[in-house]
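Everything on this sheet refers to the single structure shown next.
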Amino acid sequence: MHSINCEGPPREIGHTIGKSFRAEIFRTLDGHDGLNTRFMPYSRTPAGRARYQHLVALHRNRYPEFFSELEGMAEGAAVPFEKLFVINLRGDYQCFASGDGTFRSRGKKTHYLRRKYKGSRRETETFGRTIT
């Protein structure tokens, strides 16, 4: 099990996570059938682009810390933000993108992270992330 402790502003935490889990993130994005065959092609259609822009604005407004962390994670992992954002919202996308809506796991690995947002309402939070 890979474990890291992060402290600082959300974007820096995301960057640390992205850099630490770069290989796992890349493998996940590269090998996810739904992401590459349905969700990304859908997000490039006019309807999909409108849906993507709506979801970005919504999440940036309602969840600014997590949105900033995700931006930092994309930077740290050197992957496109759009792919990382879309895979995190695959439940929302499977309703809109064509396909059967099923996902195949290539094995699960849980990574535990401890993060601390300085100057935030959420001083500490511990959780597990599953990367498939």
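The residue pairs whose first member lies in region 54-71 and is touching a residue at least 40 places away in the same chain (Cβ under 8 Å) and closer than 10 Å to residue 11 by Cβ, whose second member is buried (at least 17 other Cβ atoms within 10 Å of the Cβ) and among the hydroxyl-bearing types (Ser, Thr, Tyr), and whose beta carbons are closer than 9 Å, counting only pairs six or more residues apart or on different chains, are 65/117; 69/117.
Here is a yes/no grid of residues against (1) under 16 Å from the mean Cα position of the chain (by Cα); (2) at pLDDT below 55; (3) part of a helix (DSSP H, G or I):
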position	(1), (2), (3)
65	yes, no, yes
76	yes, no, yes
79	yes, no, no
85	yes, no, yes
92	yes, no, yes
95	no, no, no
100	no, yes, no
113	yes, yes, no
116	no, yes, no
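Under the condition of being more than 15 Å from the chain's Cα centre (by Cα) and assigned to a loop (DSSP other than H, G, I, E, B), which residue from region 1-46 is farthest from residue 75 (Cα to Cα)? It comes out as 45.
The values are calculated or read from the model by the stated rules, or taken from the named source; none is laboratory data. Bear in mind that the values here come from a model prediction, so they are computed numbers and not experimental data. Ideal geometry is used to build each Cβ from the backbone, glycine not excepted, and the neighbour counts take in all protein chains shown.
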